[in-house]
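Inspection log for the structure reproduced underneath, given as C-alpha cells.
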Amino acid sequence: MRIKFILPALEEAKSPYWRPIKYSLFPPLGLATLASLCDESDQVEIVDEHVEEINLNDEPDLVCIESYITNAYRAYEIADSYRKRGIKVAIGGLHATSLPEEAKNHADTILLGLGENSFPKFLKDFKDGNCKEFYQQGEVSLDNLPLPRRDLFKQEKYLVPNSMVFSRGCPNKCSFCYVSSFYKGGKSFFAYKVDRVLEEIESMKGKHLYFLDDNIFANKKLSRQIFKEMRGMNKYFQGAITVDSILQDDTIELAYEAGFRSAFIGFESINKQNLIQANKGSNIGKDYIAAIKRLDRLGIMINGSFIFGLDDDNLDVFDRTTEWAVSSGITTATNHILTPYPGTSIYDKMDTDKRIITKDWRLYDTRHLVFSHPNMTKEEMESGYNRAYKNFYKWSNIYKSSKEHEEIKMKLKHFTYAGAWKKFEPVWNFIIKNELLSKTRGALVKTLK
Ligand code: B12
Ligand code: SF4
C-alpha cells in the first residue's frame, strides 16, 4: 500500500514575512514516528511543505496529515483536494485532537492524541476495509517501538535533522499550554525506556542533538539516568526545562556533563499575578536570576520564552520584559502574544466569558491578539510585541546582553549565536536556497561547545 504522510505549512509560507530558517529547523518527527509503525511492505513517503512543494496530483492509497493550529486550514485544503479524487485521508495531531468534529468535515478518519497505539489499529482496519471515523488514543505505551523512520527525511533541507524526544507531554498544568488540551482527562506524561533513548541517540550521525520534549527534566529519575549514560558520547544538545527544575538539585550539572549547552526556558512573565493566572507553578515565587546565573556559570545559553497579554499586563510590559531579558543575559528571546488554543483551560474560560474575538485559526500564531484584553487594544498589543522583538535583537542590545556573562567564552558564544540567529536572514535564505544547511551544522556545534 502507498501511504503519503504530509506536514502542511501555514499560508504564511507564501508571504514575505516567512522566515525560511525558522521552518527549516526540524523535520516532521511525529510523522516519522508513525511511518515506523507501517508494514514493511508499505511504500511510505513523508512530505514537509515547510521545505518542499506538495504534489497533489499523485495517487497514493492513503494520505495521513498532521495538523496543528496554524496549519489546520491548509491541512483541510490538502485533504479536500485528495478526497475529491476519491483518495482516503486521515488527519491527526494537536488541532484535530482539540477539534475532531471540525477536522472530520475534511477527512475520512480522525485520530485523536498520540498515534502509537491507535495508528496501527487504524491501518489494519483500513486494509480490511472497515475503518472507523474516529480513533481515540487508547492505552499508550512507548515500550518496544521501532525508531522513527529518519531515512524518509530529506536531511539536507534541515539545520537540525537530529531532533528526538525521550518523553511526551508534561506533568505540569499551565493553563495556556497545549498539554492541557492534548492530554485532557488522561495521563499527561509518557516516557521511553533509557536503553531505547540511548539507541536512538546512537543511531544519529553528527554531534548535535535537539530534544523536542516539552520538558527534559519532567521525570528527573529518567533524565538523570540518560544524562549519566550520555557522558562521553561527545554530543551537544539543546532542550526545554523549567525554572524550578534548575534550582532543585544537581540535574543541571549532570545535563551539562552530558553535553547540554542551550536551554529553552518558559519564563512567560516577570509578573507574579500573571504567573498565577497561567497556573505556572514551576515559576511562581522562583528566583529567575539564581536560575540564570547557575546556567551561566556552567556555560549553558538560554532561549527565554515570554508571553505578553496575560490579564495583569499593561502597555509597559513589552519594554520592561525586554529590558529585563537583556540585562539578565538571555541569549535569544522567543516572544508570544498569549494565544488560547482550543481545548486548553484558558480557552474554555475565555470562551465562556465571551472574550474570544476571532476563531480564524491562522491568526492563532502567537503574533496576533485573538481575545479581548482588559488593558490593551489589538493594535497596542501587536505593535508592542513587534517592538519587543525589534529591541531585543538590536545590535546594541545583543552587545549589552552578551556583556552580562561572567566568562569571556560565554560573552562570545552569546554574541555569535544571537547575531547568527536573527541578524543574517539573507545569508540563511541563500544557504537554504542552495541546500547548504548541512555545511553550517559544524559551525552550530562549535558555537554550542
Ligand atoms: C518542532 C516544533 C515546531 C517546528 C517544526 C514542526 C515540525 N516539524 O513538526 C517549527 C519550528 C516549524 C514550529 C513552528 C511553530 N509552532 Co511548533 N512545535 C514544535 C514542537 C516543539 C515539537 C513537535 C514534535 O515534533 N513533537 C514530537 C512528535 C513525536 O509528536 P507530534 O508531532 O505531536 O506527533 C504525535 C501526535 O501528535 C500524533 N500525530 C501527529 N500527527 C498525526 C497524524 C496522524 C494521521 C495521526 C494518526 C497521528 C498524528 O501522533 C504522533 C506520534 O505520537 C511542538 C511542541 C510539542 N511538544 O509537540 C510545538 C507546537 C506543535 N508548535 C506550536 C506552535 C503554536 C507553533 C507556531 C505557530 C509558533 C510560532 N509562533 O511561530 C509555529 C507555526 C508553524 C507553522 N508552520 O504553522 C504549538 C501548537 C499548538 C496547537 N494547539 O496546535 C506547539 C504544541 C507548541 C506549544 N507548546 O504551544 N514548531
Ligand atoms: S511547564 Fe511548559 S510544557 Fe509543562 S504544562 Fe507548563 S508550559 Fe506546558
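A short reminder: the numbers here are calculations on the coordinates, not readings from a lab. Remember, it's a predicted structure, so these values are computed and weren't measured experimentally. Note: ideal-geometry Cβ built from the backbone for every residue, glycine included; neighbour counts use all protein chains shown.
In plain terms, the chain from ASP58 to GLN136 could stretch by 25.1 nm, reckoned as 0.36 nm per residue minus the Cα-Cα distance.
Partners of LYS286 within straight-line reach, counting aspartates and glutamates whose Cα lies under 13 Å from its Cα and excluding those fewer than 8 residues away in the same chain: ASP244, GLU268. FRET efficiency for VAL445 and ASN386, Cβ-Cβ distance as r, R0 = 30 Å, nearest 0.05? For R0 = 30 Å, the calculated efficiency reads 0.40. Arranged from fewest to most other beta-carbon atoms within 10 Å of their beta carbon, CYS64, CYS177, CYS38 become CYS38, CYS177, CYS64. In the chain, what % of DSSP beta bridges are antiparallel (nearest 5)? Around 10 percent of the beta bridges assigned by DSSP in the chain are antiparallel ones. Maximal additional length on extending the THR416-GLN248 stretch stands at 57.4 nm, based on 0.36 nm per residue less the C-alpha distance. The count of lysine pairs in the stretch 2-135 with alpha-carbon distances below 19 Å, taking only pairs 8 or more places apart or on different chains, stands at 17.
Over all directions, the projected convex hull of the C-alpha atoms in the stretch 187-318 averages 8.9 nm² in area. Cross-link reach is defined here as a Cα-Cα straight distance under 18 Å, omitting same-chain residues fewer than 8 places apart; for LYS400 the lysines meeting it are LYS293, LYS390, LYS409, LYS411, LYS413, LYS422, LYS423.
Could you let me know the centre-to-centre spacing of the stretch 317-339 and the stretch 114-162, using Cα atoms, in angstrom? So the two Cα centres are separated by 37 Å. Among ARG2, ARG261, ARG355, the ranking by other beta carbons within 10 Å of each residue's beta carbon, starting with the fewest, stands as ARG2, ARG355, ARG261.
Counting neighbouring Cβ atoms within 10 Å and putting the fewest first, the residues THR339, THR242, THR447, THR377 line up as THR377, THR447, THR339, THR242. Using only alpha-carbon positions in the stretch 2-135, the gyration tensor eigenvalues give semi-axes of 23, 16, 15 Å once each is multiplied by 5 and square-rooted (largest first).
Couplings 3J(HN,Hα) for the stretch 216-227, derived from phi with the Karplus relation 6.51 cos²θ - 1.76 cosθ + 1.60 (θ = phi - 60°), are 6, 9, 4, 10, 4, 4, 5, 4, 5, 4, 4, 5 Hz, where x marks Gly and Pro. The three principal axes of the C-alpha atoms in the chain carry coordinate ranges of 63, 54, 43 Å, sorted with the longest axis first. Within the same chain, aspartates and glutamates fewer than 8 places from LYS228 are excluded, and of the rest, those with a Cα less than 20 Å from its Cα are ASP195, GLU199, GLU200, GLU202, ASP213, ASP249, ASP250, GLU253, GLU257.
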